[in-house]
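The values are calculated or read from the model by the stated rules, or taken from the named source; none is laboratory data. Please read all numbers here as calculations on a predicted model, not as lab measurements. As a convention, Cβ positions derive from the backbone with ideal geometry for all residues, glycine included, and neighbour counts pool all protein chains shown.
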Amino acid sequence: MSSTLERSKALAETRRKVDMKLEVITIPVSDVERAKRFYAGLGWRLDADFDRGDAFRAIQFTPPGSACSLHFGKGITSAAPGSAHGLFLAVSDIDAAREHLIACGAEVSEVFHLTPGDPPAAGRDPQRRPYATYATFKDPDGNSWLMQEITARLPGRLDGDETRFGSASDLAATLRRAAAAHHAHEEKVGAHDDEWPDWYAEFMVAEQAGRPLPE
C-alpha cells in the first residue's frame, strides 16, 4: 500500500513539473502564397516553408517577440478559410503597434476599449488599465486578430520574480514607464535617488508580475 502511495505522489510531482507550452496555432487560408506575402509583409519571422506539392505544404511564421508561432498551408486543417477568430496579440503600445501594421499595408481598426460584460467604446481605456484597450485587423482570408495592450500583468500570471521582454521596444516602453514613475517618486520624497537602478528593477519586475508597484 505504501509503495503504491509513494508512486502516486511521485507521479503527481512529475506532472506538476512538466511544462506544457503553447507552441503553434493553425489558421485556414485559401491562397497560401497570398497569406505568406501578407504575414511576411507584417514583418513576422518566416521560420519554415515545407512544400510537398499539391498534397501538403506547411508554412510557419512567428510574430515579433512571441513564443507561439503560426501555421498555415495545405493539408494541415479542414477548417474553412477565414474561420479563425479571436486570435490575441499582446502589445505593450497599442498606438505604435497599430501604426506599424498600417505602414505594412494592413487594414487596422480604430483603437477601442472594453471591459468584460460591457460593449466596446471608442478610444483608449480612460484609466489606461492593462487588458482593456484593443485594435483589430484581418488577413486576406478574413482570419481576425485582436491586439490587446498589456503593460502590466495581473497577479499570478508570471512565476515568481521572472521577468521577460519580447523585444527591445517592449523593454524600452517598460523603461519609460519606470522613468515616469521614478520621477514621481523623487518628487514625492523631495530628493534625488542615487539608487535609481534598484528602483527601476523593482518597478519592472513588480509590473510584469502584477505585484504592487514601488512608490
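Worth pointing out:
- Scanning the stretch 29-47 for residues that are part of a helix (DSSP H, G or I), within 13 Å of Gln60 (Cβ to Cβ) and basic (Lys, Arg) yields one hit, Lys36.
- Output for the stretch 189-200, where each listed residue is closer than 23 Å to Ser92 by Cβ and either loosely packed, with under 14 Cβ neighbours inside 10 Å or in contact with a Phe, Trp or Tyr (Cβ under 8 Å, 6 or more places away or on another chain) (or both): Pro197, Asp198
- Selected residue (criterion: nearest to Gly142 (Cα to Cα)) from residues of the stretch 97-110 that are exposed (fewer than 13 other Cβ atoms within 10 Å of the Cβ) and among the small types (Gly, Ala, Ser): Gly105
- Pair list, Cβ < 6 Å and 6+ apart or interchain, from the stretch 130-141 residues that are within 12 Å of Phe38 (Cα to Cα) and touching a residue at least 40 places away in the same chain (Cβ under 8 Å) to residues that are of a type in the set (A, V, I, L, M, F, W, C) and not in a strand (DSSP E or B): Asp139/Phe38; Pro140/Phe38; Asp141/Val29
- Criterion: exposed (fewer than 14 other Cβ atoms within 10 Å of the Cβ), within 21 Å of the chain's Cα centre (by Cα) and on the phi < 0 side of the Ramachandran plot - qualifying residue of Asp93, Asp54, Asp47: Asp47
- In the condition set (1) under 29 Å from Ser169 (Cα atoms); (2) assigned to a loop (DSSP other than H, G, I, E, B); (3) among the β-branched types (Val, Ile, Thr), Ile25 is compliant with all but (2).
- Residue match in the stretch 59-78 (condition: among the basic types (Lys, Arg), at pLDDT 90 or above and closer than 28 Å to Lys21 by Cα): yes
- Qualifying residue in the stretch 148-164 (condition: farther than 24 Å from Ala67 by Cα, in contact (Cβ under 8 Å) with a residue 40 or more places away in the chain and over 15 Å from the mean Cα position of the chain (by Cα)): no
- Selection from the stretch 79-90 of residues that are part of a loop (DSSP other than H, G, I, E, B), on the phi < 0 side of the Ramachandran plot and surrounded by fewer than 16 Cβ atoms within 10 Å (Cβ to Cβ): Ala79, Ala80, Ser83, His85
- Checked against (1) closer than 28 Å to Asp47 by Cα; (2) out of contact with any Lys or Arg (no Cβ under 6 Å at 6 or more places or on another chain), Pro130 meets all criteria but (1).
- Which numbered condition Ala103 misses (of (1) more than 16 Å from the chain's Cα centre (by Cα); (2) under 22 Å from Ser69 (Cβ atoms)): (2)
- Of all residues in the stretch 170-188, none satisfies the criterion of being surrounded by fewer than 16 Cβ atoms within 10 Å (Cβ to Cβ) and touching a Gly at 6+ places or on another chain (Cβ under 9 Å).
- Filter result (touching a residue at least 12 places away in the same chain (Cβ under 8 Å) and of a type in the set (D, E, K, R)) within the stretch 165-215: Asp170, Arg177, Lys188, Glu202, Glu207, Arg211, Glu215
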